[in-house]
Amino acid sequence: MNENKNTINKHLKKHLLISIIMTVMFIVGIPILIVGATQSQYIVMGLGIAMVVIGFYGTPLMWTSYGNKKALKHVVDAVMEDHLTSVGEIASQLQMRERMVRSYIITGIKQKYITGYLFDGAKLTSNQKEAPKPKISSNRCPNCGGTLTKQQTFYVCDYCNSKFDKE
């Protein structure tokens, strides 16, 4: 869970930084364009034009992307930290439309921000399935090297108590 939170926070910080850079480019590009045009410095003027155009078009796109990522983080936090599991509960808690919450949950699962849950479109349920146990081919534990004792349908390590399926 902590790893997922760190990942989404890194992506959120990256979007914020790019949004701020785009905004600054737009603001700084205007005086650079004016100075380049008034002093007939075409390279400076071209740089100013490029900064204004990139800032003009990029700034709203990046701030919108940042806002969406921030809303996604709120939904992920509601699921992973507050343990809210239904779309209706999350929408009510965050004052969002259920359609948007559903979309953010799907995005959170796809990007692996939300893990350990199954989503049916209306409710998240805990994934209780265990990872498959490794099968063994020798009489030694692959985890610690201890001796394995044969049980009815599996082996058990005498040292670390790990269980392994028979081949």
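The values are calculated or read from the model by the stated rules, or taken from the named source; none is laboratory data. Just so you know, these numbers come straight off a predicted model, no measurement behind them. For neighbour counting, all protein chains shown are included, and Cβ atoms are generated from backbone atoms with ideal geometry for every residue, glycine included. These accessible areas exclude ligands, DNA and RNA; they are computed on the full protein's heavy atoms, side chains included. Shrake-Rupley method; radii C 1.70, N 1.55, O 1.52, S 1.80 Å.
Here are a few things to note about the model shown:
- When the listed pairs K70/K129; K5/K129; K13/K112; K13/K110; K70/K110; K110/K163 are checked against a 26 Å cut-off, the alpha-carbon distance exceeds it for K70/K129; K110/K163.
- Helices that extend 24 Å or more along their long axis by alpha-carbon positions and average at least -0.5 on the Kyte-Doolittle scale are, among the DSSP H runs of the chain, 2-38, 42-80.
- Listed residues H11, H74 arranged by accessible area, highest first, probe 1.4 Å: H74, H11
- Distance between the stretch 1-66 and the stretch 67-101 - C-alpha centres, whole angstrom: 30 Å
- Virtual spin-label span in nm between I106 and I34, 7 Å along Cα→Cβ: 4.8 nm
- Of the GluC sites (Glu not before Pro) found in the stretch 21-122, those in coil by DSSP whose Cβ has at most 16 other Cβ atoms within 10 Å are E81.
- Taken along the Cα-to-beta-carbon direction at a fixed 7 Å, the label points for S92 and I27 span 4.2 nm.
- Normalising the average separation of contacting C-alpha pairs (under 8 angstrom, six or more residues apart) by the number of residues puts the relative contact order of the chain at 15 percent.
- Neighbour cut-off at most 12 other Cβ (10 Å), DSSP loop, trypsin sites (Lys or Arg not before Pro), the stretch 45-143: R97, K112, K129
- Matching label, Cα Rg over 2.2 N^0.38 Å computed from the structure shown, candidates (1) 1.74; (2) 1.04; (3) 1.93: (1)
- Debye intensity ratio in log₁₀ form over the Cα atoms of the stretch 1-92, taken at each q of 0.10, 0.14 Å⁻¹: -0.42, -0.62
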